[in-house]
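The structure appears below as structure tokens.
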Amino acid sequence: MIAGKSLYILGFLGAIANALPEPAVPQVTAPAKLEERATTCTFSGSNGASSASKSKTACSTIVLSAVAVPSGTTLDLTGLKDGTTVIFEGETTFGYKEWSGPLVSVSGTDITVKGASGATLNGDGSRWWDGKGSNGGKTKPKFFYAHKMFSSTISDIKIINSPVQVFSINGAKDLTLSGITIDNSDGDVEGGHNTDAFDVGSSSGITITGATVYNQDDCLAVNSGTDITFTGGLCSGGHGLSIGSVGGRSDNIVDNVHIENSVIKDSDNGVRIKTVYGATGSVNNVTYKGITLSGIAKYGIVLEQDYENGSPTGTPTDGVPITGLTLDGVTGTVKSSATNIYILCAKGACSNWTWKGVSVTGGKTSGSCSNIPSGASC
Ligand SMILES: *[C@@H]1O[C@H](CO)[C@@H](O)[C@H](O)[C@H]1NC(C)=O
Ligand SMILES: *[C@@H]1O[C@H](CO)[C@@H](O)[C@H](O)[C@H]1NC(C)=O
């Protein structure tokens, strides 16, 4: 239907252009009612992505049915009309190219993005995986930009084998992601790296609920933002539920983060806050409640103010204070080679912490914690 309408408009333009002396360019506006109609548009196959990108503002519901996105292109659903619904059906695939992506990008207000039953977005990441993630080797496309999404929801999306980072949530407000599954477990043996599930920056009112994540980096990483909630999640194989790294970006404020009722297993870390060495910013009012750990390989709880990409310096700095940190019911076990709890604060830079029901066992007790605020312990 859309294709027919476009042809009609093109033909009409051509007819006018032929009839007029040049250089006049006719201004033809689409029929006024077109945008107000409830229009379901279905796109599929190898032309589906470009057709959807072209026609997106004429559709109130966009169905992407087994779309094969060509290499080096974004399935571009930015600038959708208010109230648009996007439904993924079947398997969405992506061509191979070394580029930075994203493979999918969505923006708009009152947008609903959802996966139909059995739908998958398959990154086939092994084509890029070389164990180096975003630190080198092949340039790998990021997967899904949820930038500038307002009062919107993304639900029941299943992503398989992302080349590198999965969801980038930036400049968003009042966005809920529910029932998201990210299964990058093939990357455990095939070289997946930096496959962060949810990276949040400069956003407010973000709720991530019921996520299931198998990956090789942070399950959640909040670099900046306010009023961020993560509940009912399962994180496996990665680096834990993280705040940070905070510092050194354009926005370095983290405020009001609530992480509750989640399981972290077979991961490098459980609960993690990392602020950047020598940087400025703040981390305030962060709560971890009802977090269960098992099979943790490095640190059950790690709170450090000495972070640098690659390796921490070992010397904490006070430019990004961590205040109002509540740990309530953080329990479980780490591997015997791991450290139960590690706290590396600069003098006076960690305060007003409340810890209750914190019990991490099975590993070593750290001998190098520093400036532990009252209420907490290593
Ligand atoms: C702390 O953050 C929570 C949300 O996680 C919010 O409900 C609460 O009002 C915040 N507390 C203060 C003092 O701002
Ligand atoms: C301490 O942190 C809590 C949140 O955990 C907050 O409600 C309270 O206002 C903070 N107190 C001070 C003195 O900052």
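Quick note: the coordinates plus some simple rules give every number you see, no bench work behind them. Please read all numbers here as calculations on a predicted model, not as lab measurements. Note: ideal-geometry Cβ built from the backbone for every residue, glycine included; neighbour counts use all protein chains shown.
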Ranked by how many other beta carbons lie within 10 Å on average, peptides 289-299, 67-77 from highest: 289-299, 67-77
Quick one: work out Rg over Rh on the C-alpha atoms of region 105-254, Rh as Kirkwood radius. 0.95
Net +/- balance of residues flanking residue 176 in space, Cβ distance below 13 Å, scoring K and R +1, D and E -1: -2
What residues qualify as long-range amide H neighbours of residue 181, i.e. H under 5 Å apart, gap of 5 or more or another chain, H built at 1.01 Å from N? 157, 158, 159, 212
Within the chain: Cβ-based charge dipole about Cα centre, in debye rounded to nearest 20 (Lys, Arg +1; Asp, Glu -1): 80 debye
For region 302-337 and region 63-127, distance of Cα centres in Å: 35 Å
Within region 167-199, what residues put their amide N at less than 16 Å from the label point 7 Å along the Cα-to-Cβ vector of residue 151? 172-176
Projected onto their principal axes, the Cα atoms of the chain stretch, largest extent first, over whole-Å spans of 84, 38, 34
Say R0 is 30 Å: what FRET efficiency, to the nearest 0.05, do residue 117 and residue 97 get from their beta-carbon distance? 0.45
